[in-house]
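Data block below; observations after.
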Amino acid sequence: MNVVATPGRCTTRAVSQCAAIAITAIALIGASLAAGAQPLTSHQQLARDIFKELVEINTVTATGDTLVAAQAMADRLKAAGFADSDVRVLSPAPSKGNLVARLRGTGARKPILLLAHLDVVAAAASDWSAEPFKLLEKDGYYYGRGVWDDKFMAAVFVANLIRYKQEGFRPDRDLIVALETDEEILDANKMGIQWLLANHRELIDAEFALNEGGGVGLSNGKPLVNTVQTSEKVSLSYQLEVKNPGGHSSLPSKDNAIYRLADGLARLARFDFPVQLNETTRAYFQRAAATVDAQVGADMRAVAAMPPDPQAIERLSKTVRYNAQLRTTCVTTQLTAGHAVNALPQTARASVNCRILPGEPVEEVRKTLVRVLADDQITVTQVGTPVLSAPSPLNPQIMQTVERLTAEFWPGIPVVPTMLAAATDGSFLRNAGIPTYGHSGLANDVADVRVHGKDERILVKSFFDGHEYLYRLVKALSSDSK
């Protein structure tokens with residue numbers, strides 16, 4: 001449509017067109033208000049602006065630039081009145097940035113550390129429905145790489161720190177925001193949280209930390225549960241290998257490297273590690289029982305009982321997310337074998353990834369694999385060094401505050417401690433003596449998890465609800481404020 005009009009001015013020739021545009025605009029505004037749309041508050045607008053800025057900085061771990069993102073957040077904090085000494089951008093290598101910012105309190109208690117990571121996994125524009133490094137609002141969702149993992153928390157922590165500053169809020173303990181790099185590779189290069197702990201521990205030392213890992217689960221838009229992640233499984237891989245002299249494929253023997261390995265893997269596939277519950281997983285099954293159907297709920301309570309009911313264990317184990325809470329798991333993830341189509345295989349290898357329950361001896365897992373494979377020609381070699389981390393205790397102050405705010409924001413749903421089957425950098429903090437709790441206040445549908453996948457998205461409403469929830473939570477944990 002070609003309209004001869006400019007903002008604030010209509011030519012005589014275009015008066016009727018301007019009038020039509022004005023009437024249309026008024027109608028659209030009225031329709032929007034009638035539909036319940038509300039203009040953003042200044043705090044919401046700030047949070048959205050920061051969120052947009054972060055999403056649109058490419059921080060892919062291997063190829064992006066977390067230093068640019070860290071500096072951008074530092075600039076915002078300094079513009080809001082934070083002293084240079086309280087806003088530190090720390091770079092262990094080119095394109096690698098960590099931000100540590102502090103709102104100073106009275107010092108009556110040790111600080112709270114608010115941790116989020118700046119890096120994201122790769123996203124190819126050709127795979128997505130829209131540009132992954134542009135924040136898109138569509139159909140009630142925000143789309144973009146990192147909107148869930150983990151730029152929501154990074155943006156909200158920065159926005160809320162600015163909000164506290166603007167309000168003149170003085171907590172009874174310092175509030176420390178740490179935005180770090182390289183979490184998506186579990187800080188394998190030691191440039192993120194491990195580097196901060198080793199080189200700047202005094203900047204991030206705290207009584208406890210809030211991190212990613214827990215949130216509000218929705219089902220068809222209905223809130224079901226608010227989770228607090230207190231522990232993580234230990235990720236550790238093993239290489240299984242069978243060697244054989246090989247030979248010509250025209251002269252096959254029963255002693256085949258691929259067959260031997262395959263037989264061993266078939267035995268592993270049928271094996272289940274024993275059930276072991278800890279404080280977190282027992283509480284998980286007890287509290288989550290109220291959120292599921294009657295039979296599953298009864299099974300959860302029976303599993304949490306002492307001793308657990310074997311038939312309930314068998315039924316729950318058929319659901320993969322429950323099975324992962326019940327026991328250590330080991331699964332084959334890669335296979336390589338042979339060297340030519342007309343030659344007997346001389347080598348067959350498999351990669352097995354285990355997720356080990358906190359506290360279970362790693363060497364016992366390797367011994368179990370050897371026993372279950374039941375073939376002395378299958379060698380089992382540990383790959384890498386595990387990060388062993390004990391669960392964080394169920395801190396009454398944190399849990400009670402979470403329960404009170406959950407009742408206000410999502411009435412009627414339980415607060416449930418969880419053990420993460422995957423891994424975060426919280427394990428490094430726990431090992432450094434800083435209990436860490438994965439808790440975001442971000443509500444997402446449990447059947448629509450797009451973290452690390454195509455068209456990553458979060459609900460717009462969830463963004464603003466989570467923003468306000470974290471503002472209230474941190475304020476309550478650092479003062480007598482309700």
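The values are calculated or read from the model by the stated rules, or taken from the named source; none is laboratory data. On a predicted model such as this, the values are computed, not experimentally measured, just so you know. Glycine also receives a Cβ, built like all others from the backbone with ideal geometry; neighbour counts cover every protein chain displayed.
Things worth noting here:
- So Lys243, is it without any contact (Cβ under 8 Å) to a residue 40 or more places away in the chain and either under 30 Å from Leu67 (Cβ atoms) or surrounded by fewer than 24 Cβ atoms within 10 Å (Cβ to Cβ) (or both): no
- Inclusion of Val147 among residues that are closer than 24 Å to Pro435 by Cβ, in contact with a helix residue (DSSP H, G or I) (Cβ under 9 Å, 6 or more places away or on another chain) and not assigned by TED's automatic domain parsing to the domain that holds Glu363 is not warranted.
- Selection within the stretch 399-455: residues that are acidic (Asp, Glu) and under 19 Å from Thr230 (Cα atoms). The member of this set that is modelled with the highest pLDDT is Glu403.
- Within the stretch 38-78, the set of residues being closer than 17 Å to Leu90 by Cβ and either touching a Lys or Arg at 6+ places or on another chain (Cβ under 7 Å) or free of Cβ contacts under 8 Å to residues at least 40 places away in the same chain (or both) comprises Asp65, Thr66, Leu67, Val68, Gln71, Ala72, Ala74, Asp75, Lys78.
- Exclusive hit being aliphatic (A, V, I, L, M) and buried (at least 19 other Cβ atoms within 10 Å of the Cβ), set Leu251, Leu261: Leu261
- Among the residues of the stretch 164-185, those identified as surrounded by fewer than 19 Cβ atoms within 10 Å (Cβ to Cβ), outside any helix (DSSP H, G or I) and in contact (Cβ under 8 Å) with a residue 24 or more places away in the chain are Phe169, Arg170, Asp172.
- Count of the stretch 80-92 residues, restricted to those that are of a type in the set (A, V, I, L, M, F, W, C) and either closer than 15 Å to Tyr164 by Cβ or not assigned by TED's automatic domain parsing to the domain that holds Gln194 (or both), is 4.
- Subset of the stretch 455-482 [among the aliphatic types (A, V, I, L, M), surrounded by fewer than 19 Cβ atoms within 10 Å (Cβ to Cβ) and touching a Gly at 6+ places or on another chain (Cβ under 9 Å)]: Val460
- Scanning the stretch 129-147 for residues that are within 18 Å of Gly64 (Cα to Cα) and either in contact (Cβ under 8 Å) with a residue 40 or more places away in the chain or hydroxyl-bearing (Ser, Thr, Tyr) (or both), we see that the one that is surrounded by the most Cβ atoms within 10 Å (Cβ to Cβ) is Gly146.
- Just one of the listed residues (Leu161, Leu197) is out of contact with any strand residue (DSSP E or B) (no Cβ under 7 Å at 6 or more places or on another chain) and assigned to a helix (DSSP H, G or I), namely Leu197.
- All of Ala289, Ala294 fail the test of being under 27 Å from the mean Cα position of the chain (by Cα), without any contact (Cβ under 8 Å) to a residue 40 or more places away in the chain and on the phi < 0 side of the Ramachandran plot, apart from Ala289.
- Residue list for the stretch 279-326, filter: out of contact with any Ser or Thr (no Cβ under 7 Å at 6 or more places or on another chain) and polar (S, T, N, Q): Thr281, Gln286, Thr291, Gln295, Gln311, Ser317, Thr319
- Residue in the stretch 223-234 that is over 30 Å from Tyr469 (Cα atoms), among the small types (Gly, Ala, Ser) and in contact with a strand residue (DSSP E or B) (Cβ under 7 Å, 6 or more places away or on another chain) present: no
A quick yes/no check of all residues on (1) crowded, with 16+ Cβ neighbours inside 10 Å; (2) basic (Lys, Arg); (3) more than 23 Å from Asn189 (Cα to Cα):
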residue	(1), (2), (3)
Arg355	yes, yes, no
Glu360	yes, no, yes
Ala407	no, no, yes
Ile413	yes, no, yes
Met419	yes, no, yes
Asp425	yes, no, no
Arg430	yes, yes, no
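- Residues considered: Ala198, Ala188. Of these, the only one that is over 16 Å from His467 (Cβ atoms), aliphatic (A, V, I, L, M), modelled with pLDDT under 95 and in the same structural domain as Val55 (by TED's automatic domain parsing) is Ala188.
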